[in-house]
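Visitor: The structure's right below; bear with me while I get my questions together.
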Amino acid sequence: MAGSSAHHWLQRWKYYRSILPVCNSWSTAHSDSFLLALIMNLKGIVEVSILNIWIDSQNAKVCLHRLKGNFIFGKSVIVFAVVLISAIITPLVKYLYDPSTRYLRYKRSSVLQSKQNKLDFRVLVCVHTQDDVPTIIRLLEATNPTKYHPLTLYILRLVELVGRASPLLISHPRYRRASSSSNASKSERIVNAFQQLEDRYLNLVTIQGFSTISPYASMHNDICTMSADKRTSLIIFPYCRQDVISLRDDLARPNISNRSIKTLLQNLLRNSPCSVGILIDGKNYQAQSIHFLPDRPFRVTVLFFGGPDDREALAFAMNMIHHPSVFVTVIRFYGPTSSSTPGEVNDFLGGSGSIDVQRYKLLDEELVDQYKINAMHDETLTYKEVDVKDAAETIWAVQSIHDDFDLMLVGRQQITDSDIINASVFDADSPEFEDLGAIGDLVASPDYDIKGSILIIHQRQDIT
C-alpha cells in the first residue's frame with residue numbers, strides 16, 4: 001500500500017515538473033513550485049461571491065431557515081479566513097518571487113553582438129508622451145537600416161496604472177491613415193508616427209506597437225519581459241533631468257519629472273536583459289524635426305574613454321557610418337599611463353572592484369581600430385585623440401565641444417585611468433549622478449547648455 005502511494009506521488013511530481021518552466025537550478029524549481037502552490041491555494045473574492053450567489057439561490061433558503069445562526073457564524077469565519085490568508089500570502093509571494101531571474105540567460109544581449117553576428121537590429125522603444133517621438137525617430141533613422149542589417153522596432157507606450165486592479169499589456173494593430181485625425185488616441189498617434197518610418201524604409205524597418213498600463217513600481221518588469229521575449233539588443237528610455245524640467249516649465253511632460261520615473265529607470269538599469277540607452281532630448285532644429293534637414297548634416301559625436309559601455313556607444317555609432325547625411329566623430333580620451341594600476345579600477349558607480357583591465361583595453365583597441373579603418377576611406381568619419389592629465393582637464397575638454405554635435409553618444413560607466421574621471425572632482429552629489437554616470441551627468445547638466453540630444457548607453461554586464 002505504501003509502495004503504491006509513493007508511486008502515485010512520484011507520478012504526480014513528474015507531471016508538475018513537466019508543466020513548470022525550465023529553471024536554471026534545482027533550488028529555483030523548488031522555489032517556483034512552492035510559490036505556484038501558494039498562489040493556487042489562495043482563496044479570494046471569487047469564493048466569497050460564489051457563497052453569496054448560493055445564499056441568494058432558492059434551494060439554500062430552506063437550509064438557511066433551519067441553520068440560520070450556525071450559517072452566519074460559518075460565513076463570518078470564511079470571510080475572516082479569506083482576508084487573513086490574503087494578507088499573509090500576498091506579501092510573502094511578493095517577497096520570495098524575483099522576476100529578474102527570468103532574464104539571466106539574456107544578459108549578454110548587446111548592440112555590439114547584433115552587429116558582429118550580422119543579425120537584425122532589434123530595439124525596444126519606450127515612449128512617455130508624444131514629445132519623445134521626433135527625437136527617437138531621428139535617432140533610429142540615423143542607424144541606416146539595410147537589407148543586411150534591418151531594423152525591428154517594438155514601441156511600448158508607458159502609462160501609469162490608475163484606478164484598475166490589474167496591469168494591462170495592449171497590442172496595437174497597424175492603423176489606417178484615418179487614425180491620424182484629431183479623434184485618434186495618443187497611442188494611435190504615437191504608433192502612426194513610427195509607421196511612417198516603416199513606410200519610408202519599406203522591408204527594412206518593421207514596427208510593432210504596444211502599451212503597458214501598470215504601476216511605475218513594477219513597470220520595469222513589463223519592459224524587461226518584452227525585451228527578453230523579443231530578444232532585443234537595446235532599450236531606448238527617454239529621460240529628462242529633474243533640474244531641467246524645473247527650469248523649462250514644460251507643461252507637456254507633467255509626469256516625467258516625478259520620482260516614479262527616476263525609480264523606474266533605476267530598476268530598469270538593474271534588471272534589463274540587454275543594453276539600455278538613456279535618451280535626453282535636445283533643443284536644436286535637428287533634434288526637433290522628424291526628417292533630416294537637407295541643408296546640414298546630422299553630426300554625431302562619440303566620447304570614448306574605455307570599457308563595455310563606451311564600446312556599446314561606439315558600436316551604436318558604427319551602425320550610422322554609411323548613412324549619407326550622418327557625420328560621425330569619435331573623440332578618444334587618454335590619461336597618464338603611469339597612474340593606471342593593472343587589475344584595479346576606481347568604479348564609483350558600483351564600488352571599487354577587481355577586473356581584467358588588460359582584456360578591456362584589448363577589446364577597446366580592436367573596436368577603435370575597426371572604426372579607424374572605416375575612417376580612412378570615408379570623409380564623413382573623423383577620429384580624434386585628446387590627452388588629459390586629470391579630471392579637471394577632462395571636464396574642460398568635454399565642455400569645449402558642447403555646440404559641435406546634434407547627437408552625443410557616451411557610455412554610462414567608464415573604465416579608464418582613475419585620475420581623468422575622479423568622483424571628487426565631478427559632481428558626485430548630483431541627484432542624477434548615479435543614474436547617468438560621471439560623463440553623462442556632466443554633459444546633461446543645465447550648466448553644459450547642450451543644443452543636441454544625448455544617448456547614454458549602459459551595457460548589461462556585471463563586473464566582478
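Visitor: Over all pairs of distinct alpha carbons, what does the Kirkwood formula give as the hydrodynamic radius of segment 363-409, in Å?
Guide: On the way: mean 1/r = 0.0783 Å⁻¹.
Radius from the Kirkwood sum: 12.8 Å.
Visitor: Evaluate the distance, in nm, between pseudo-label points positioned 7 Å from the Cα of Arg270 and of Ser171 along their respective Cα→Cβ axes.
Guide: 3.2 nm
Visitor: Moving to a separate point now. With r as the distance between the Cβ atoms of Glu379 and Ser218 and R0 = 45 Å, compute the FRET efficiency 1/(1 + (r/R0)^6) and round to 0.05.
Guide: Working: r = 49 Å, r/R0 = 1.09.
Calculated value: 0.35.
Visitor: How large, in percent, is the carbon and sulfur part of the accessible surface of segment 107-172 at a probe radius of 1.4 Å? Could you put the intermediate results ahead of the total?
Guide: On the way: 1460 of 2940 Å².
Exposed carbon and sulfur together represent 50 percent of the surface.
Visitor: Further, regarding this structure: Go through Lys94/Lys115; Lys262/Lys384; Lys186/Lys384; Lys115/Lys389; Lys384/Lys451; Lys115/Lys262 and tell me which ones have a Cα-Cα distance over 32 Å in this structure.
Guide: Numbers: Lys94/Lys115 38 Å; Lys262/Lys384 34 Å; Lys186/Lys384 43 Å; Lys115/Lys389 34 Å; Lys384/Lys451 22 Å; Lys115/Lys262 30 Å.
Violating the 32 Å Cα-Cα cut-off are Lys94/Lys115; Lys262/Lys384; Lys186/Lys384; Lys115/Lys389.
Visitor: What is the distance, in nm, between label points placed 7 Å from the Cα along the Cα-to-Cβ direction at Lys372 and at Thr263?
Guide: About 4.8 nm, to one decimal.
The values are calculated or read from the model by the stated rules, or taken from the named source; none is laboratory data. Quantities reported herein were computed from a predicted structural model and do not represent experimental measurements. Note: ideal-geometry Cβ built from the backbone for every residue, glycine included; neighbour counts use all protein chains shown. Note: areas computed on protein heavy atoms with side chains; ligands, DNA, RNA excluded. Shrake-Rupley method; radii C 1.70, N 1.55, O 1.52, S 1.80 Å.
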